[in-house]
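**Q** This is the structure I want to talk about, given as structure tokens.
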Amino acid sequence: MEKFITKKRKILRNIFRGLSLTSIAFVFQACYGIERDFGNDILVEGVVTTRGNKPIEGIKVSYDNSLQYELTDSEGKYSFYTYKAELNMKFEDIDSIQNGLFLPQEMLVHITANRVKLNVKLDAAP
Amino acid sequence: MLPHKITQYLHNIFRKNETNLHILNYLFWECTQRCNLHCLHCGSDCIADAKTPDMPFEDFLQAILPLKDAYEPDSITVAITGGEPLLRKDLPQCGKTLRKHGFRWGIVTNGYAYNAEIHAKLLSAGMGAVTLSLDGFEESHNWLRANQNSFSHAVKALDLITSSDRLFYDVVTCVHQRNIRELESFKEFLISKHVKAWRLFTIAPIGRAAARSELRLTTEDLHFLMDFIAKARADKRIDTKFSCEAYVGNYETKVRDCYFFCRAGINIASVLIDGSISACPNINRHFVQGNIYRDAFLDVWHKRFEVMRNREWTKTGICSACKKHKYCNGGAMHLWNEQQDGIMLCINKELSAGKT
Ligand code: SF4
Ligand code: SF4
């Protein structure tokens, strides 16, 4: 019975949502709160390793020359959110010989899903 | 266009239905009580070194994870508030973890510590919404925020926030006797800064504001404010609205997108600094419904909150004989104190009293 009533209420809710006069009421925010977020974002994540598959810590992963960057953790992992469908990504060793010395790598990434896995292998510096 | 009486009637059915369903989609997290400002009107009485330590993120996360089974996490917005949330060094990490679990998140900030570096970090962490406080031009803002640099910092924050195509944001302005006459020119300033959404509040007589009469608007000021908002909405250059804080009678749909509906405990919950489970953080702590360190958050949400879902008890004090109660439902929860014997103030009554 309880389930039936809830279902009915949900149907009523959808009817209200369909009525343009009250659909706006679903986009409420509390007086002291933020706007609701309905934006699209994409999670880009991956692992940075050596050619021999050893994770590299401390690699700076940035994109579009922006201030936005991440450093890989001890497992070589990084992740960040973006809303852009095309990214110019850069992987740079910025901690000198700590964790080894690697050549930078740049790539253009086209994003088609809302979750992207991008594993990268870096060449050791000569 | 349907007549006002019919839309108001439909809204009442809608409100009742929402109350019965009580689907949670707005969750405040009071992550810290530390603050880098000491605003004259602060409702939370925050200080630079708050006595209650910041809540460990893991405690909050564990409490809310069961929400993922009950709701679509993407439909829940976590509003991280304080104090000043930017004082938490782990804020980007907290946000990113929430987003990875599917929750949407954003912050309410005074903008003082907001700079290009933190902006980039928060965006990378999946932040989708920001509310920035800006209370008029330099003199008025700095006076209310009790800090000579607060305006310049907040404007820098504003420039960063408006430059992002990703963020849902708005500016909130607390209107008081000192800044009310500059609203028109301030509106032009916000438009010149490419601000798209602007919310205006009055200041409730709670926290530090209770002792300062110049923060309260007179009846004449209230009419001025309502007319100003209605006019700004009509010219559509910036999405201006009165906040959800009160039922405002004939001004209802002129100053907001929809009718007044205090959703505290109906769609809005909070986890406060000490683990208390409540609705909006500005509600009197007497209305706390549980504590994450003792109770299962989801259980509390489903089984308690009766006091906010059935507001018949609000028919007391000035609300008892009020003909508008069926629309207003006893006003804002945050304007009720522990005695529950009358609302602290009614903007609708003040507006009606000033009618000529
Ligand atoms: S308690 Fe106050 S802030 Fe919260 S929803 Fe109600 S009116 Fe808005
Ligand atoms: S008196 Fe109470 S019920 Fe009537 S409008 Fe004011 S707050 Fe609402």
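No value in this document is a laboratory result; all are computed from the given coordinates. No experiment lies behind these values; they were computed from the predicted model shown. Using ideal geometry, Cβ is built from the backbone for each residue, glycine included, and neighbour counts are taken over all protein chains shown.
**Q** Give the residue that is nearest to ligand 2 (Cβ to nearest atom), with candidates limited to residues of segment B:227-252 that are hydrophobic (A, V, I, L, M, F, W, C) and either surrounded by fewer than 21 Cβ atoms within 10 Å (Cβ to Cβ) or within 17 Å of B:Gly136 (Cβ to Cβ) (or both). Let's see the steps before the verdict.
**A** Here is the first cut: in segment B:227-252, the residues hydrophobic (A, V, I, L, M, F, W, C) are B:228-230, B:232, B:234, B:238, B:242, B:244, B:246, B:248.
With the extra rule that they be either surrounded by fewer than 21 Cβ atoms within 10 Å (Cβ to Cβ) or within 17 Å of B:Gly136 (Cβ to Cβ) (or both), the set shrinks to B:228-230, B:232, B:234, B:238, B:242.
Working: B:Phe228: 21, B:Ile229: 18, B:Ala230: 19, B:Ala232: 24, B:Ala234: 25, B:Ile238: 28, B:Phe242: 15 Å.
Restricting to residues being hydrophobic (A, V, I, L, M, F, W, C) and either surrounded by fewer than 21 Cβ atoms within 10 Å (Cβ to Cβ) or within 17 Å of B:Gly136 (Cβ to Cβ) (or both), the top hit is B:Phe242.
**Q** Anything in segment B:64-75 that is surrounded by 18 or more Cβ atoms within 10 Å (Cβ to Cβ) and more than 22 Å from A:Ser79 (Cα to Cα)? List them, or say none.
**A** B:Ile64, B:Leu67, listed by residue number.
**Q** Within segment A:55-67, can one find any residue that is surrounded by fewer than 20 Cβ atoms within 10 Å (Cβ to Cβ), more than 14 Å from chain B (Cβ to nearest Cβ) and touching a residue at least 40 places away in the same chain (Cβ under 8 Å)?
**A** yes
**Q** May I pose another question? When you go through (1) within 12 Å of chain A (Cβ to nearest Cβ); (2) part of a helix (DSSP H, G or I); (3) aromatic (Phe, Trp, Tyr) one by one for B:Phe60, which number turns out not to apply?
**A** Of everything listed in (1) within 12 Å of chain A (Cβ to nearest Cβ); (2) part of a helix (DSSP H, G or I); (3) aromatic (Phe, Trp, Tyr), B:Phe60 misses just condition (1).
**Q** Could you please let me know if B:Val300 is away from chain A (no Cβ under 14 Å), more than 16 Å from ligand 1 (Cβ to nearest atom) and surrounded by 18 or more Cβ atoms within 10 Å (Cβ to Cβ)?
**A** yes
**Q** Within segment A:35-43, does at least one residue satisfy the condition of being under 15 Å from the mean Cα position of the chain (by Cα), surrounded by fewer than 21 Cβ atoms within 10 Å (Cβ to Cβ) and either more than 11 Å from chain B (Cβ to nearest Cβ) or under 13 Å from B:Ala120 (Cβ atoms) (or both)?
**A** Checked segment A:35-43: no residue is under 15 Å from the mean Cα position of the chain (by Cα), surrounded by fewer than 21 Cβ atoms within 10 Å (Cβ to Cβ) and either more than 11 Å from chain B (Cβ to nearest Cβ) or under 13 Å from B:Ala120 (Cβ atoms) (or both).
**Q** Another question about this same structure. Restricting to segment B:318-342, name every residue that is at positive phi and more than 8 Å from ligand 2 (Cβ to nearest atom).
**A** If we filter segment B:318-342 for residues that are at positive phi, which is where we start, we get B:329-331, B:340, B:342.
Scanning segment B:318-342 gives B:Gln340, B:Gly342.
**Q** Do you know which of the residues in segment B:253-268 that are surrounded by 17 or more Cβ atoms within 10 Å (Cβ to Cβ) and without any contact (Cβ under 8 Å) to a residue 40 or more places away in the chain is farthest from ligand 1 (Cβ to nearest atom)?
**A** Keep residues of segment B:253-268 that are surrounded by 17 or more Cβ atoms within 10 Å (Cβ to Cβ), which gives B:253, B:255-256, B:258-268.
If we keep only those that are without any contact (Cβ under 8 Å) to a residue 40 or more places away in the chain too, we end up with B:255-256.
Details: B:Val255: 14, B:Arg256: 12 Å.
In this case the residue turns out to be B:Val255.
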